[in-house]
1. Under a Cβ-Cβ cut-off of 13 Å, what is the net charge of the residues other than L162 that fall near it, where Lys and Arg count +1 and Asp and Glu count -1?
2. Over the chain, with every protein chain in place, what whole percent of the accessible area is carbon and sulfur at 1.4 Å, could you tell me?
3. Just round it to a whole percent: the fraction of Cα-Cα distances in the stretch 77-139 exceeding 21 Å.
4. Please identify the trypsin sites (Lys or Arg not before Pro) of the stretch 1-77 that satisfy two criteria: DSSP loop assignment and at most 14 other Cβ atoms within 10 Å. Which are they?
5. Determine the sum of side-chain charges near I83: Lys and Arg each +1, Asp and Glu each -1, restricted to other residues whose C-beta is under 14 angstrom from that of I83.
6. Cβ under 15 Å from K183's Cβ, K183 left aside: what net charge do those residues give with Lys, Arg +1 and Asp, Glu -1?
7. [x] 20.6, 59; [y] 16.7, 53; [z] 16.4, 47: which one is Rg and Dmax of the Cα atoms in Å as calculated from this entry?
8. Which of the GluC sites (Glu not before Pro) found in the stretch 1-97 are loop residues per DSSP with 15 or fewer other Cβ atoms within 10 Å of their Cβ?
Amino acid sequence: AYSAVFRVGAILVPIYVVREMSQNYFRAKRQIKRFSLLDGLKTYFVVGSVVAVLLLFERNLIGVITAIITVEILFVLGLQIVIYTEVGLHQPSLRNFRTYLGYSIPMMVTTFSGNLQSRADRLLIGFYLGPLSVGVYSIAYTVAQLIRTVILPLRISLLPELTHLLSNNKRNECRDLIAASSKYYLTIAIPSVFGSYL
(Lines give C-alpha, C1' and ligand atoms only; values in the text may rest on other atoms or scores of the structure.)
Protein backbone atom coordinates (compact mmCIF):
# COMPACT_ATOMS: atom_id res chain seq x y z
CA ALA A 1 0.00 0.00 0.00
CA TYR A 2 2.88 2.36 0.72
CA SER A 3 5.33 1.21 -1.98
CA ALA A 4 4.89 4.44 -3.97
CA VAL A 5 5.65 6.47 -0.85
CA PHE A 6 8.83 4.49 -0.24
CA ARG A 7 9.93 4.95 -3.86
CA VAL A 8 9.45 8.71 -3.65
CA GLY A 9 11.04 8.88 -0.20
CA ALA A 10 14.09 6.98 -1.44
CA ILE A 11 15.12 10.17 -3.23
CA LEU A 12 16.01 11.55 0.21
CA VAL A 13 18.86 9.03 0.66
CA PRO A 14 21.36 10.65 -1.76
CA ILE A 15 20.14 14.10 -0.69
CA TYR A 16 21.01 13.36 2.95
CA VAL A 17 24.40 11.94 1.93
CA VAL A 18 25.29 15.20 0.15
CA ARG A 19 23.91 17.16 3.12
CA GLU A 20 26.19 15.30 5.55
CA MET A 21 29.19 15.92 3.29
CA SER A 22 28.31 19.61 3.14
CA GLN A 23 27.93 19.77 6.92
CA ASN A 24 31.43 18.34 7.29
CA TYR A 25 32.76 21.22 5.17
CA PHE A 26 31.25 23.74 7.59
CA ARG A 27 32.59 21.76 10.54
CA ALA A 28 36.09 21.75 9.07
CA LYS A 29 35.93 25.51 8.45
CA ARG A 30 34.63 26.06 12.01
CA GLN A 31 31.42 27.66 10.71
CA ILE A 32 28.89 25.64 12.69
CA LYS A 33 26.81 28.71 13.57
CA ARG A 34 26.43 29.51 9.88
CA PHE A 35 25.37 25.96 9.03
CA SER A 36 22.99 25.83 12.00
CA LEU A 37 21.34 29.07 10.90
CA LEU A 38 20.86 27.73 7.36
CA ASP A 39 19.61 24.39 8.69
CA GLY A 40 17.18 26.14 11.02
CA LEU A 41 15.78 28.20 8.15
CA LYS A 42 15.43 25.02 6.10
CA THR A 43 13.46 23.40 8.93
CA TYR A 44 10.99 26.31 8.96
CA PHE A 45 10.61 25.99 5.18
CA VAL A 46 9.96 22.24 5.51
CA VAL A 47 7.28 22.81 8.16
CA GLY A 48 5.74 25.63 6.13
CA SER A 49 5.67 23.58 2.94
CA VAL A 50 4.09 20.60 4.73
CA VAL A 51 1.43 22.85 6.28
CA ALA A 52 0.78 24.44 2.86
CA VAL A 53 0.38 21.04 1.23
CA LEU A 54 -1.98 19.85 3.95
CA LEU A 55 -4.11 22.99 4.05
CA LEU A 56 -4.08 24.30 0.47
CA PHE A 57 -3.54 21.27 -1.74
CA GLU A 58 -4.31 17.57 -1.65
CA ARG A 59 -4.02 15.96 1.75
CA ASN A 60 -1.99 12.93 0.79
CA LEU A 61 1.33 11.50 1.88
CA ILE A 62 2.93 11.71 -1.58
CA GLY A 63 2.33 15.48 -1.64
CA VAL A 64 3.88 15.92 1.81
CA ILE A 65 6.95 13.87 0.91
CA THR A 66 7.31 15.71 -2.40
CA ALA A 67 7.25 19.04 -0.55
CA ILE A 68 9.92 17.83 1.89
CA ILE A 69 12.09 16.52 -0.97
CA THR A 70 11.77 19.82 -2.85
CA VAL A 71 12.91 21.86 0.15
CA GLU A 72 15.75 19.42 0.90
CA ILE A 73 16.99 19.56 -2.71
CA LEU A 74 16.95 23.37 -2.68
CA PHE A 75 18.80 23.36 0.66
CA VAL A 76 21.50 20.98 -0.57
CA LEU A 77 21.90 22.95 -3.81
CA GLY A 78 22.26 26.14 -1.76
CA LEU A 79 24.95 24.53 0.39
CA GLN A 80 26.79 23.35 -2.72
CA ILE A 81 26.68 26.86 -4.19
CA VAL A 82 28.11 28.30 -0.95
CA ILE A 83 30.89 25.70 -0.94
CA TYR A 84 31.62 26.25 -4.64
CA THR A 85 31.90 30.03 -4.23
CA GLU A 86 34.33 29.60 -1.31
CA VAL A 87 36.43 26.70 -2.58
CA GLY A 88 35.86 26.53 -6.32
CA LEU A 89 36.27 23.42 -8.42
CA HIS A 90 39.49 21.45 -8.05
CA GLN A 91 40.76 18.14 -9.30
CA PRO A 92 41.07 15.76 -6.32
CA SER A 93 44.55 14.71 -5.30
CA LEU A 94 44.98 11.00 -4.60
CA ARG A 95 48.47 11.46 -3.17
CA ASN A 96 47.29 11.42 0.46
CA PHE A 97 44.35 9.08 -0.12
CA ARG A 98 45.83 6.27 1.99
CA THR A 99 46.29 8.67 4.92
CA TYR A 100 42.69 9.84 4.59
CA LEU A 101 41.43 6.25 4.54
CA GLY A 102 43.51 5.41 7.60
CA TYR A 103 41.88 8.32 9.41
CA SER A 104 38.31 7.68 8.31
CA ILE A 105 37.93 3.87 8.33
CA PRO A 106 37.93 3.53 12.16
CA MET A 107 35.12 6.08 12.36
CA MET A 108 33.19 4.23 9.66
CA VAL A 109 33.37 0.99 11.65
CA THR A 110 31.88 2.72 14.70
CA THR A 111 29.07 4.26 12.66
CA PHE A 112 28.32 1.01 10.83
CA SER A 113 28.21 -1.06 14.03
CA GLY A 114 25.93 1.49 15.68
CA ASN A 115 23.55 1.46 12.74
CA LEU A 116 23.61 -2.34 12.62
CA GLN A 117 22.84 -2.56 16.33
CA SER A 118 19.95 -0.12 16.09
CA ARG A 119 18.39 -2.08 13.20
CA ALA A 120 19.16 -5.66 14.27
CA ASP A 121 17.25 -5.44 17.52
CA ARG A 122 14.10 -4.34 15.66
CA LEU A 123 14.44 -7.23 13.22
CA LEU A 124 14.80 -9.74 16.05
CA ILE A 125 11.86 -8.28 17.97
CA GLY A 126 9.74 -8.35 14.82
CA PHE A 127 10.70 -11.95 14.09
CA TYR A 128 9.91 -13.26 17.58
CA LEU A 129 7.21 -10.88 18.89
CA GLY A 130 5.57 -9.34 15.81
CA PRO A 131 5.14 -5.87 14.30
CA LEU A 132 3.14 -4.42 17.21
CA SER A 133 6.06 -5.03 19.56
CA VAL A 134 8.43 -3.39 17.05
CA GLY A 135 6.23 -0.28 17.08
CA VAL A 136 6.17 -0.10 20.87
CA TYR A 137 9.92 -0.74 21.05
CA SER A 138 10.65 1.96 18.45
CA ILE A 139 8.74 4.56 20.43
CA ALA A 140 10.50 3.61 23.68
CA TYR A 141 13.87 3.60 21.88
CA THR A 142 13.23 7.07 20.45
CA VAL A 143 12.30 8.46 23.86
CA ALA A 144 15.43 6.92 25.37
CA GLN A 145 17.52 8.50 22.58
CA LEU A 146 16.33 12.00 23.55
CA ILE A 147 19.32 12.22 25.87
CA ARG A 148 21.57 12.18 22.80
CA THR A 149 20.18 15.52 21.65
CA VAL A 150 21.91 17.09 24.64
CA ILE A 151 25.34 16.02 23.43
CA LEU A 152 24.70 16.74 19.74
CA PRO A 153 25.99 20.36 19.86
CA LEU A 154 29.18 19.13 21.50
CA ARG A 155 29.62 16.31 19.02
CA ILE A 156 29.27 18.61 16.03
CA SER A 157 31.34 21.59 17.17
CA LEU A 158 33.84 20.27 19.72
CA LEU A 159 36.07 18.14 17.47
CA PRO A 160 37.08 20.94 15.04
CA GLU A 161 37.73 23.33 17.92
CA LEU A 162 39.82 20.81 19.86
CA THR A 163 41.77 19.95 16.73
CA HIS A 164 42.48 23.63 16.12
CA LEU A 165 43.65 24.19 19.70
CA LEU A 166 45.87 21.10 19.72
CA SER A 167 47.45 21.97 16.38
CA ASN A 168 48.36 25.39 17.80
CA ASN A 169 49.78 23.73 20.97
CA LYS A 170 47.19 25.35 23.27
CA ARG A 171 46.78 22.43 25.64
CA ASN A 172 45.54 24.48 28.60
CA GLU A 173 42.74 26.04 26.56
CA CYS A 174 41.92 22.58 25.22
CA ARG A 175 41.68 21.21 28.77
CA ASP A 176 39.47 24.15 29.83
CA LEU A 177 37.17 23.58 26.87
CA ILE A 178 36.79 19.89 27.67
CA ALA A 179 36.08 20.70 31.33
CA ALA A 180 33.46 23.32 30.40
CA SER A 181 31.84 20.96 27.90
CA SER A 182 31.66 18.16 30.47
CA LYS A 183 30.04 20.51 33.00
CA TYR A 184 27.53 21.65 30.38
CA TYR A 185 26.68 18.09 29.46
CA LEU A 186 26.24 16.88 33.03
CA THR A 187 24.22 19.98 34.01
CA ILE A 188 21.70 19.31 31.26
CA ALA A 189 21.91 15.52 30.89
CA ILE A 190 21.19 14.51 34.49
CA PRO A 191 17.87 16.43 34.71
CA SER A 192 17.04 15.29 31.17
CA VAL A 193 17.20 11.64 32.25
CA PHE A 194 14.48 12.24 34.84
CA GLY A 195 12.50 14.44 32.45
CA SER A 196 12.57 11.78 29.74
CA TYR A 197 11.47 9.17 32.25
CA LEU A 198 8.50 11.31 33.32
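1. Working: positive: R27, R30, R155, K170, R171, R175; negative: E161, E173, D176.
Around L162, the charge tally is +3.
2. Numbers: 10460 of 14930 Å².
Of the solvent-accessible surface of the chain, carbon and sulfur hold 70 percent.
3. Pairs farther apart than 21 Å: 61 percent.
4. Values: sites: R7, R19, R27, K29, R30, K33, R34, K42, R59; in loops: K29, R30, R59.
The qualifying sites are K29, R30, R59.
5. +2
6. Details: positive: R175; negative: D176.
Charge balance in the 15 Å sphere: 0.
7. [x]
8. Numbers: sites: E20, E58, E72, E86; in loops: E58.
Here the sparse-neighbourhood loop sites are E58.
The values are calculated or read from the model by the stated rules, or taken from the named source; none is laboratory data. The model shown is predicted, which means the values in this text are computed figures rather than measured ones. Heads up, the Cβs are rebuilt from the backbone with ideal geometry, glycines too, and the neighbour counts pull from every protein chain shown. With ligands, DNA and RNA removed, areas are computed over all heavy atoms of the protein, side chains included. Shrake-Rupley method; radii C 1.70, N 1.55, O 1.52, S 1.80 Å.
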